[in-house]
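Everything below concerns the one structure shown next.
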Amino acid sequence: MSYFYAQLMRYIYCIIISLFSTVSAFAQSYGLMFNSHEVVQEKRTCLDLTPDDSLCFKKGFELSFDLRFIPGRMIYFGYVVRLISSNNQNIDLIYNQPLRTFKVIIGENFSGISFSVDSIQLHKEWTRFSFNCDLEAHALQFSVNGKKIGSSAIPATDNCFKFIWGANDYQKFKTRDIPPMRIRDIRILEKDKEKHFWPLDETSGETAYDKISRRVARIKNPVWIKPKYQKWELISSFSLNGYGAVTYDPKHDNVYVIGSDSVATLSLRMDQHALDWTRASHQEFILGHQALYDTFHDKLYDIFIDKKMVLTFDFTRRQWDIPMPYSPITEYWHANKFIAPFDTCLYTIGGYGQLRYRNKVHRYAFSTHKWDTVHTTGDYYPPRYLSALGLTPDGRTAYVVGGYGSQTGDQMLDPRNYYDFYRYDIAKSSFKKLFTLKTLTTPFTFSNSLVIGAKPGAWYGLVHPNDSYNSNLQLVEGSFTDSAYIPEGDLIPYSFHDVQSYADLYYSPISNKLIAVTMLYSKEETKEKNTQVKIYTLNFPPEKAEIAQIPAVSTGHVNYWYALLFLLIVGGGGFLFFRKRKGLATQPASAVSPASVFDVHPTAEPAPDHTSTSEPALLSGTTPVEKPVYPAVYLFGPFQVFDKTGHDITRQFTPLLKELFLIIVTYTFRNGRGISSEGLNEILWHDKSEKDAKNNRSVNLAKLKAILEKVGNIVINKESGYWQFQTPEEEIYVDYKRYTALLQGTPDVTRADIRPLVNIIKRGAFLSQTEYNWLDDIKSEVSNAVIDKCQEYMRAHPAGDPEFIIEIANCIFCFDPLNEDALTYKCKSLIALRRHTLANNTYLKFLKEYKDIYGSDFGKSFQEIIA
């Protein structure tokens, strides 16, 4: 009977922990995130609680909700929420970015309710906002976190209201100016009784449900928060030449991936995930090298322990300071490394190579450029690789966990998985074994780094089975005092091929995200050396991935949880008793299933969304919404290529293939001829002999043609001694080709003439994220032509459609952020649309950028601009 009792107690304990952890998780990370100024207008988010009809009240109501700003954005101005009565009386909450204040607006007047919220709290914590409307007394009271902020009279109005957050298209209240924000827990009370409750805890779809009355709210362009804490998002996937290495710069929120002829920089700021390529002088990196970013001196290093070499990359000259000599295979695969703040020295620990595991600690002093081997004390640290290391925030202690090795270091003498957790005192050079992690039936090792300091008392690591190629990475969370650990988030697909693969984990304090990187190297015997790179992010703090979502309950329905708990306990107890009676009771199970970390299949990666790369439709007028065109080549804005099915294949272009392609395309449509072989050699292979340049040109043109076959009927031919880009007009859309045709059209500038041009240039400046010396003159030529054409139209139609004038002005700002004509016409158009605050905000933003660039004040006042 004692065994049955133990089984029952274990069952009850697991049920209680599961339920309360679910409630806890529910209370932490959910809500709706709003796309704002960082995306085109059509992609901005709207939440409408009243899509079909208004909500009506007898004497009044109280509206409350939680708000939190998204950090790292440039523009925060806009409407948080608008309450609109049936007789078109509006009550708005708006954020004024220049003054960093919230204001309540009633009708077309400031109510006098104005307040600020601490910036750190606004970006890091949820803030509770409350409207209390007394419709009989015609009074409004506003509160923040339960504290009364102010009150105001409101005009006599109807008793029925619409409630709209963010962007909206409702009659004259239409707006696209919204701050980047998160919203959750919307409650509406009448007579102190909760009438409606939208927690916004959904994980997908364009509807949200009122948990009390089941009323449906509709959302346009929703970004649900909960999945971002549970599911890893693949933000970049690409290949680069040579054997790659990766590192992260937490100071500037950049991931650097090093290749033989380039450095890829992925910025995580503002969630744009822009990938920038820097072409570099060729460096034949040896398999097993590692990269590291030094935040103390803002330098990017490459490390090769065998040769005692530390290379520094010069971003200005686009080259490494010293060449890496040839070396046989490394003896330090997957070594751990860090820079200690207290002495700013580089340390490496462990590694593997030549059938031996290592446990030596090497140190490199940047001040003297000398290496030495550190004599360690304390507990014995067995030789190993595939372990994870993390540094404490104070930089005095490193923790190392897991790995694969042997007691002697000899691969032939009892190699094994290690699960021990060590503390390394850097100043004392001393190891201390703290405990051994609980093991699983599936052996596992770690990615290269631990995340320490993101959450007090916790560490995070990525584990994976090391006995199979088709593996998965699982994030786990542990503590420094206990051998237990728990899985967080879903699985990341990982092709583990021992020393031919690499994985790492970082934490972004700026974006508050975890970053996972996987790399797979081509085999050494293959002729072409390359690296496949995938980068994922997960919001912090992570949560366990849900298998099935449990419906949320309102505060007044907590008793249902107790009823469910009671039924589960009784049902489980009865089931166990029945099994005991039938003699089917099994042996006691461990608290955590040994296979539970890896037995969940990863979710399929979502298909890319190409609609954002299409030309956005107008927000007003009769211009129809334009559909994305496939296949297509876009040179305005970021460089992008889409194949016949609409898939973005831009990442298939290596830095060299991209430059080769852009040279041929731009020269073809710019001068109508193309570029000669001599011209290509001068730009791309000026440091090679004529024979080597010809061979390189032939090989890379063949690779380029293979990619372009996926796009469609594209031919790169040599006509009359010039390489040309050729494609039928109707089959493939090339925006630069269309642009050159438009410039050669009629000299008259009508709306019908300028509209196609605006549709092209609204994607952004010409090759906005691409920099080459040969491209500078072409960019300048395109910018001048675009600005002249747009200014010509605005001057010819000063009293034209103000929305269209604003759109044209925004296009000019893409090419020239300090264009005075664009500022004048945009401000005047906003005034014509009665958007006075936005006009003033545009002017203030211009002033700041002008001062930042020129170091002096702009010479015209706002009144002079709009006069």
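Once the stretch 103-116 is narrowed to residues that are open to solvent by less than 30 Å² (accessible area, probe 1.4 Å) and either basic (Lys, Arg) or in contact (Cβ under 8 Å) with a residue 24 or more places away in the chain (or both), the residue that is farthest from His138 (Cα to Cα) is Phe115. Of note, Glu719 does not satisfy the criterion of being among the charged types (D, E, K, R), surrounded by fewer than 18 Cβ atoms within 10 Å (Cβ to Cβ), under 30 Å from Thr316 (Cβ atoms) and out of contact with any strand residue (DSSP E or B) (no Cβ under 7 Å at 6 or more places or on another chain).
None of Leu823, Leu847 is closer than 30 Å to Tyr95 by Cβ and either among the polar types (S, T, N, Q) or surrounded by 18 or more Cβ atoms within 10 Å (Cβ to Cβ) (or both) except Leu823.
Table: residues versus (1) open to solvent by less than 10 Å² (accessible area, probe 1.4 Å); (2) more than 16 Å from Phe65 (Cα to Cα).
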{"position": "Leu189", "(1), (2)": "no, no"}
{"position": "Leu200", "(1), (2)": "yes, no"}
{"position": "Ser204", "(1), (2)": "no, yes"}
{"position": "Tyr209", "(1), (2)": "no, no"}
{"position": "Arg218", "(1), (2)": "no, yes"}
{"position": "Glu233", "(1), (2)": "no, yes"}
{"position": "Leu240", "(1), (2)": "yes, yes"}
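Looking across the stretch 826-844, the residues that are more than 34 Å from the chain's Cα centre (by Cα), over 18 Å from Gln791 (Cβ atoms) and open to solvent by 60 Å² or more (accessible area, probe 1.4 Å) come down to Ala832, Arg834.
Condition check ((1) open to solvent by less than 30 Å² (accessible area, probe 1.4 Å); (2) part of a helix (DSSP H, G or I); (3) touching a Gly at 6+ places or on another chain (Cβ under 6 Å)) across all residues:
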{"residue": "Leu775", "(1), (2), (3)": "yes, yes, no"}
{"residue": "Ser780", "(1), (2), (3)": "no, yes, no"}
{"residue": "Ser783", "(1), (2), (3)": "yes, yes, no"}
{"residue": "Val786", "(1), (2), (3)": "yes, yes, no"}
{"residue": "Lys789", "(1), (2), (3)": "no, yes, no"}
{"residue": "Ala799", "(1), (2), (3)": "no, no, no"}
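Scanning the stretch 809-844 for residues that are under 22 Å from Leu635 (Cα atoms) and in a helix (DSSP H, G or I) gives Ala809, Asn810, Cys811, Ile812, Phe813, Cys814, Phe815. Scanning the stretch 379-410 for residues that are aromatic (Phe, Trp, Tyr) and either more than 27 Å from Lys455 (Cβ to Cβ) or assigned to a strand (DSSP E or B) (or both) yields Tyr380, Tyr385, Tyr399, Tyr404. Under the condition of being in contact (Cβ under 8 Å) with a residue 40 or more places away in the chain, part of a strand (DSSP E or B) and open to solvent by 20 Å² or more (accessible area, probe 1.4 Å), the residues counted in the stretch 340-366 number 4. Take the stretch 630-652 and flag every residue that is under 13 Å from Thr770 (Cβ atoms), open to solvent by 10 Å² or more (accessible area, probe 1.4 Å) and in a loop (DSSP other than H, G, I, E, B). Correct list: Pro638, Phe639.
List pairs: first residue in the stretch 411-424 and without any contact (Cβ under 8 Å) to a residue 12 or more places away in the chain, second residue surrounded by fewer than 17 Cβ atoms within 10 Å (Cβ to Cβ) anywhere in the structure, Cβ distance under 9 angstrom, at least six positions apart or on different chains. Close Cβ pairs (under 9 Å, with a partner that is surrounded by fewer than 17 Cβ atoms within 10 Å (Cβ to Cβ)) amount to Leu413/Gln407; Asp414/Gln407; Asp414/Thr408. Looking only at residues of the stretch 494-519 that are in contact with a strand residue (DSSP E or B) (Cβ under 6 Å, 6 or more places away or on another chain) and over 25 Å from Lys251 (Cβ atoms), we find that the one that is most open to solvent (accessible area, probe 1.4 Å) is Ser495. Checked against (1) modelled with pLDDT under 90; (2) open to solvent by less than 10 Å² (accessible area, probe 1.4 Å); (3) more than 29 Å from Asn512 (Cα to Cα), Leu140 passes all but condition (1). May I ask you to say which residue of Phe661, Phe669 is of a type outside the set (A, V, I, L, M), touching a Ser or Thr at 6+ places or on another chain (Cβ under 7 Å) and surrounded by 17 or more Cβ atoms within 10 Å (Cβ to Cβ)? Only one candidate passes the filter, namely Phe669. Do we find that Arg738 is in contact with a helix residue (DSSP H, G or I) (Cβ under 9 Å, 6 or more places away or on another chain), in a loop (DSSP other than H, G, I, E, B) and open to solvent by 40 Å² or more (accessible area, probe 1.4 Å) in this structure? Against the criterion (in contact with a helix residue (DSSP H, G or I) (Cβ under 9 Å, 6 or more places away or on another chain), in a loop (DSSP other than H, G, I, E, B) and open to solvent by 40 Å² or more (accessible area, probe 1.4 Å)), Arg738 does not qualify. For the stretch 430-450, the set of residues classified as closer than 30 Å to Val374 by Cα and crowded, with 18+ Cβ neighbours inside 10 Å consists of Phe431, Leu437, Phe444, Thr445, Phe446, Ser447, Asn448, Ser449, Leu450, listed by residue number.
Apart from one condition, Ile329 fits all of (1) in contact with a strand residue (DSSP E or B) (Cβ under 8 Å, 6 or more places away or on another chain); (2) closer than 23 Å to Asp306 by Cα; (3) at pLDDT below 95; (4) surrounded by 14 or more Cβ atoms within 10 Å (Cβ to Cβ); the exception is (4). Within the stretch 273-321, being open to solvent by 50 Å² or more (accessible area, probe 1.4 Å), closer than 24 Å to Leu514 by Cβ and either part of a loop (DSSP other than H, G, I, E, B) or without any contact (Cβ under 8 Å) to a residue 60 or more places away in the chain (or both) holds for Phe296, Asp298. Can you tell me which condition Phe115 does not meet? The list is (1) more than 25 Å from Asn221 (Cβ to Cβ); (2) of a type in the set (Phe, Trp, Tyr); (3) more than 35 Å from the chain's Cα centre (by Cα), and all the others hold. Phe115 satisfies every listed condition except (3). Can we say Leu268 is of a type outside the set (Asp, Glu), over 13 Å from the mean Cα position of the chain (by Cα) and open to solvent by less than 10 Å² (accessible area, probe 1.4 Å)? So Leu268 does not fit the description; no. Reported count of residues in the stretch 471-499, each being assigned to a strand (DSSP E or B) and either closer than 16 Å to Leu538 by Cβ or of a type outside the set (S, T, N, Q) (or both), is 17. Total residues in the stretch 451-470 satisfying the condition of being outside any loop (DSSP other than H, G, I, E, B), under 18 Å from Leu440 (Cβ atoms) and open to solvent by 10 Å² or more (accessible area, probe 1.4 Å): the figure is 2.
Would you confirm, using the coordinates I've provided, whether Asn810 is of a type in the set (S, T, N, Q) and more than 18 Å from Arg670 (Cβ to Cβ)? Here the answer is yes, as Asn810 does meet what is asked. Is it the case that the stretch 61-79 has a residue that's open to solvent by less than 20 Å² (accessible area, probe 1.4 Å), over 23 Å from the mean Cα position of the chain (by Cα), β-branched (Val, Ile, Thr) and modelled with pLDDT under 90? Checking the stretch 61-79: not a single residue is open to solvent by less than 20 Å² (accessible area, probe 1.4 Å), over 23 Å from the mean Cα position of the chain (by Cα), β-branched (Val, Ile, Thr) and modelled with pLDDT under 90.
Yes or no, residue by residue, for (1) touching a Pro at 6+ places or on another chain (Cβ under 7 Å); (2) more than 29 Å from Asp648 (Cβ to Cβ):
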{"site": "Tyr667", "(1), (2)": "no, no"}
{"site": "Asp692", "(1), (2)": "no, yes"}
{"site": "Ala702", "(1), (2)": "no, no"}
{"site": "Gln724", "(1), (2)": "no, no"}
{"site": "Leu743", "(1), (2)": "no, no"}
{"site": "Ser768", "(1), (2)": "yes, no"}
{"site": "Glu771", "(1), (2)": "no, no"}
{"site": "Asp776", "(1), (2)": "no, no"}
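Taking the criterion of being in contact with a Gly (Cβ under 7 Å, 6 or more places away or on another chain) and β-branched (Val, Ile, Thr), the residues of the stretch 659-710 that qualify are Ile664, Thr668.
The values are calculated or read from the model by the stated rules, or taken from the named source; none is laboratory data. Note that the coordinates shown come from a computational prediction; the quantities given were computed from them, not determined experimentally. Here Cβ is always computed from backbone atoms with ideal geometry, including for glycine, and neighbour counts include all displayed protein chains. In case anyone asks, the SASA skips ligands and DNA or RNA and just uses the protein heavy atoms, side chains included. Shrake-Rupley method; radii C 1.70, N 1.55, O 1.52, S 1.80 Å.
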